[in-house]
1. Hey, can you grab everything whose amide H is under 5 Å from the amide H of ASP298? Only 5+ residues off in sequence or another chain; H modelled, so Pro and N-termini drop out.
2. For n ≥ 4 DSSP H runs only, could you compute -39500 (n - 2.57) per run for the chain, divide by its residues and tell me the 222 nm figure to the nearest 500?
3. Rounded to the nearest percent, how much of the accessible area of segment 9-63 (1.4 Å probe, protein heavy atoms only) is carbon and sulfur?
4. Which ³J(HN,Hα) values in Hz, rounded to whole numbers, follow from the phi angles of segment 161-171 under the Karplus curve 6.51 cos²θ - 1.76 cosθ + 1.60, where θ = phi - 60° and Gly and Pro get x?
5. Please identify which residues in segment 112-127 have an amide N closer than 12 Å to a label point set 7 Å out from the Cα of LEU362, following the Cα→Cβ vector.
6. Quick one: which residues, 5 or more positions from ARG2 or on another chain, have an amide H under 5 Å from its amide H? H modelled 1.01 Å from N in the peptide plane, none for Pro or chain starts.
7. For segment 87-206, how many pairs of lysine residues have a Cα-Cα distance under 23 Å, where the two are 8 or more positions apart or belong to different chains?
8. Quick one: which residues, 5+ away or cross-chain, put their amide H under 5 Å from the amide H of VAL95? H built at 1.01 Å from N.
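The values are calculated or read from the model by the stated rules, or taken from the named source; none is laboratory data. Source: prediction; values computed, not measured. With ideal geometry, Cβ positions are generated from the backbone for all residues, glycine too; neighbour counts draw on all protein chains shown. Side chains included, ligands, DNA and RNA excluded: accessible areas come from the protein's heavy atoms. Shrake-Rupley method; radii C 1.70, N 1.55, O 1.52, S 1.80 Å.
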Amino acid sequence: MRKIAILGSTGSIGTQTLEVARENRDVEVLGLAAGNNISLLEEQIREFKPRLAAVWDEDRAKDLRARVADVDVKIVCGMEGLLEVSSMEGTETLVTAIVGMIGIRPTIEAIKAGKDIALANKETLVTAGHIIMPLAKAHQVSILPVDSEHSAIFQCMQGNEGKAVEKILLTASGGPFRGKKEEDLLDIRVEDALKHPNWAMGQKITIDSSTMVNKGLEVIEAKWLFDVDVDKVQVVVQPQSIIHSMVEYVDGAVVAQLGTPDMKLPIQYALYYPKRRYLPGERLDFWSLGRLDFEKPDMDTFYCLELAYRAGREGGTLPTVFNAANELAVQKFLDREIKYLEIMQIIEDCMSVHKNIKDPDLEQILETEEEVYERIESRR
């Protein structure tokens, strides 16, 4: 029986993790944490009967306690609640499906408590990879990638030496605006940016995919997960989202992981690694597929991808600036406070004025985040 806890249980990755648990029947969910969707969390509590559940807001926690008063579950809230779920006794794996830098502290606590991490929160490694990876090594816990691309890379590396890797080929769909130029993006609406051609994801990551920021975050994440320089990570646009990523080795061999666009595959692989389990669903039909296309990413129009490479090369607090500026800018776009192209402009502006701190501790990372937010809020 696999015993897990999930941060972000009501989001896209969280709900699909619970689908995997439901289908396999040998995954016990001991802890759940969610943000605002109390109704769905109540349903999850009643079905999976965790010992502990966390929400961010105290008022929502009171509401949830009243709703599940007939269930044997402890309800906690705030950051302390997230930390309690992350380090709770009895779990073997923490699925970090929460969005944003809020995932850093819970991940650290889970590692210190000896939990393996099924990582779907890319911001944790982007901003604090220099802290997380050595800590995981010291506590002898595994960081198992859940992102489809990083899971693909991880799968392609099985049975091969890391030092034999010549290049990581990180695939991208190109998002809903692939092929468009800056003048085509002037009047993009929220509804337009949320129409991803291949994947069903949360709002924030869908916007990030449209700007290519998501791919930039994944480049930096790959640096830490696979211990490579960012310049050894090459982004390849693969519009059908069939090749999830590839690894090129020193002898010229390229190993690829292919499959239909289904996040349950990398989730299940992380939960059961190194074993593979049957997963119901659609299979690739190469006769119907017919062809696979590849393109070079447009780093002129979607220049945040180049900014991500710069942040990854320089390190320090610059990746935090890249990530934090994007987080708030995307939220402002979703709230219809700024235009689409301002997302990229805000990120570039914040990076251009930042004085980088090399090898920052957690406090300096969080302080940098606050400084970025203050700069963005002072724009108007």
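1. none
2. On the way: 16 runs with 176 residues, N = 380.
Mean residue ellipticity, 222 nm, calculated: -14000 deg cm²/dmol.
3. Summing carbon and sulfur atoms, their accessible area is 43 percent of the total for segment 9-63.
4. 7, x, 6, 8, 6, 8, 7, 9, 9, 8, 7
5. Output list for this probe position: 112-113.
6. VAL27, GLU28
7. 13
8. Under 5 Å from the amide H of VAL95 lie the amide H atoms of ALA5, ILE6, LEU7, ALA118, each far enough along the sequence or on another chain.
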